[in-house]
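Q: Sending over a structure as structure tokens; questions will come in a sec.
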Protein chains: 2
Amino acid sequence: MSDTPSAATRAPAPGRAAFDRDEQRRRKREAVLRVAASAFNRRGFANTSMDDVASVLGVSKPTLYQYFKSKQELLYACHQVAMDNGEAGLALADAHDGTGLEKLVIYLRRYMEGIFGDLGNCPVLTDVDSLTPEDRADVVARRKRISAATKGLIALGVSDGSIGPCDPKLASLFALGVVNWIPAWYRDSGPNTPEEIMESFATLLISGLAAPSAPKRPSAKTKKKA
Amino acid sequence: MSDTPSAATRAPAPGRAAFDRDEQRRRKREAVLRVAASAFNRRGFANTSMDDVASVLGVSKPTLYQYFKSKQELLYACHQVAMDNGEAGLALADAHDGTGLEKLVIYLRRYMEGIFGDLGNCPVLTDVDSLTPEDRADVVARRKRISAATKGLIALGVSDGSIGPCDPKLASLFALGVVNWIPAWYRDSGPNTPEEIMESFATLLISGLAAPSAPKRPSAKTKKKA
DNA sequence: AGTTATATTTACTGATGAGTCAGACTAGCT
DNA sequence: AGCTAGTCTGACTCATCAGTAAATATAACT
């Protein structure tokens, strides 16, 4: 019973079948998340039933529960994707060697890409209050860290002179407001491409924040850095 | 029984009692709206039950239905208040004789005042989708007019030179995003006063939008006018 | 073929919450 | 006092979903 000749012809490699299964499962889970995120964004979390999500996918409701244990977990996953994008942006900014303003723009661009992106369109703006208490605590804490980091980038910019004098907290709320509001109006079918929007918003933010004398476009590396 | 001495002492004037009743009714209706708006804003429309609203007011649920015929009507009223503020701002801007940028700032300031204001804190960001189809159509149409007017102010600013070259549509989404996101984070108990926030945001917007060579603060009336 | 693990569905349960109804309470009027 | 209109409440109903259980299909492997 140990030799498996047919397995060699049917299944290319020993663990391969299991891998394919897992891979399919992963894909399906992602499809569920994508559809749900889009629906939550468009019609709101509370106005979207699990049956709605299921019918878009052409399956029945209980199937969804194979991939997410509850509707709230689905929402939690959406929040995580959004925050992953934020943190990815922060990491990029951290890696970049430049002024605070440059870092800020790199970060926000990456964050916006996430919002527009493939799996994106995640309900950044959706009910934190619909989460379970534990999930909510987690999301709130993580968000707080992201906000604090945003504030930190702006404070850095103020101190290195790339950003004009301002209250970093308020300025970060200003910038995050612009970005977080995007899902409220952006539609794939709209007239503007994500690139146009990001470009335009980045320009507006830069000129809004830049120190009066500083160059508007940080195309040339300027100061501070070694 | 025809002479009514007690009426003279109790009720000052013939129609006065009825007036007082109406006045009380109006006040109560407003109280309901204020509490509901605040709750909708904090926890979301769907996460707020009519019982919640009632218990904050110390009354029972059916009482609310004396003042609003449905939960959706309550939401509709919230939207109306927010849009009233927007339109009031537009009227102010229209009355002001100055550059497009000045008008824009006047408008947005007034709009923000509404958001912070007494009856304010209205769920600008809340489900349009929870409204009845008719109400939704109404709100969407009115919002569209407000957006268009915002866009118009920016286009005016671009053409009169007070605002740098930009796509008015995207710039208006930028500005409205900043403002509409405020209810998502502002709390009366927070560290910043509405005045600080408005001042700060106005400054950031002005420097973001102003034409490169134009004065950053339109403190002295400069050009065009007269 | 048969056996097992996984995937999916139809048909339910149970909770929540909007909205109603019939009656109680109050205040103004005569 | 007694009548009337306006205001409020306790106790319902009824619809909508989130989530589950049990049964059925599919595929993977021997």
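Quick note: the coordinates plus some simple rules give every number you see, no bench work behind them. Bear in mind the structure is a predicted one, so any value in this text is a computation, not a measurement. When we count neighbours, we look across all protein chains shown, and the Cβ atoms used for this are built from the backbone with ideal geometry, even at glycine.
Q: Starting from residues that are assigned to a helix (DSSP H, G or I) and more than 7 Å from chain B (Cβ to nearest Cβ), keep the ones in the stretch A:165-181 and report whichever is farthest from A:Ala148 (Cα to Cα). Steps first, please.
A: As a first pass, look at the stretch A:165-181 and keep what is assigned to a helix (DSSP H, G or I): A:168-180.
Going one step further and asking which of them are more than 7 Å from chain B (Cβ to nearest Cβ), we end up with A:168-169, A:172, A:175-176, A:179.
On the way: A:Pro168: 10, A:Lys169: 8, A:Ser172: 9, A:Ala175: 13, A:Leu176: 12, A:Val179: 16 Å.
Filtering first and then ranking leaves A:Val179.
Q: For the stretch A:62-75, name all the residues that are part of a helix (DSSP H, G or I) and closer than 12 Å to A:Ala36 by Cβ. Step through it out loud before you land on a result.
A: First pass over the stretch A:62-75, keeping only residues part of a helix (DSSP H, G or I): A:62-64, A:71-75.
A:Leu64, A:Lys71, A:Gln72, A:Glu73, A:Leu74, A:Leu75 - these are the residues of the stretch A:62-75 that are part of a helix (DSSP H, G or I) and closer than 12 Å to A:Ala36 by Cβ.
Q: Give A:Gly114, A:Gly100, A:Gly89, A:Gly44 a once-over and let me know the one that is within 14 Å of chain B (Cβ to nearest Cβ), of a type outside the set (Phe, Trp, Tyr) and buried (at least 21 other Cβ atoms within 10 Å of the Cβ).
A: Working: A:Gly114 fails: within 14 Å of chain B (Cβ to nearest Cβ); A:Gly100 fails: within 14 Å of chain B (Cβ to nearest Cβ); A:Gly89 fails: within 14 Å of chain B (Cβ to nearest Cβ).
Matching residue, one of A:Gly114, A:Gly100, A:Gly89, A:Gly44: A:Gly44.
Results for (1) more than 20 Å from the chain's Cα centre (by Cα); (2) buried (at least 23 other Cβ atoms within 10 Å of the Cβ); (3) among the charged types (D, E, K, R); (4) over 14 Å from B:Phe174 (Cα atoms), shown as yes or no for each residue.
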{"residue": "A:Arg145", "(1), (2), (3), (4)": "no, no, yes, yes"}
{"residue": "A:Ala149", "(1), (2), (3), (4)": "no, no, no, yes"}
{"residue": "A:Gly152", "(1), (2), (3), (4)": "no, no, no, yes"}
{"residue": "A:Asp160", "(1), (2), (3), (4)": "yes, no, yes, yes"}
{"residue": "A:Pro165", "(1), (2), (3), (4)": "yes, no, no, yes"}
{"residue": "A:Lys169", "(1), (2), (3), (4)": "yes, no, yes, yes"}
{"residue": "A:Phe174", "(1), (2), (3), (4)": "no, yes, no, no"}
{"residue": "A:Trp185", "(1), (2), (3), (4)": "no, no, no, no"}
{"residue": "A:Pro191", "(1), (2), (3), (4)": "yes, no, no, yes"}
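Q: Failed condition for A:Lys71, given (1) without any contact (Cβ under 8 Å) to a residue 40 or more places away in the chain; (2) away from DNA strand D (no atom under 16 Å from the Cβ), with all others met?
A: It fails just one condition, (2).
Q: Those residues that are more than 7 Å from DNA strand C (Cβ to nearest atom) and in a loop (DSSP other than H, G, I, E, B), I need them from the stretch B:48-61; list them, please. Step through it out loud before you land on a result.
A: So in the stretch B:48-61, the residues more than 7 Å from DNA strand C (Cβ to nearest atom) come out as B:52-60.
Answer for the stretch B:48-61, where residues must be more than 7 Å from DNA strand C (Cβ to nearest atom) and in a loop (DSSP other than H, G, I, E, B): B:Gly58, B:Val59, B:Ser60.
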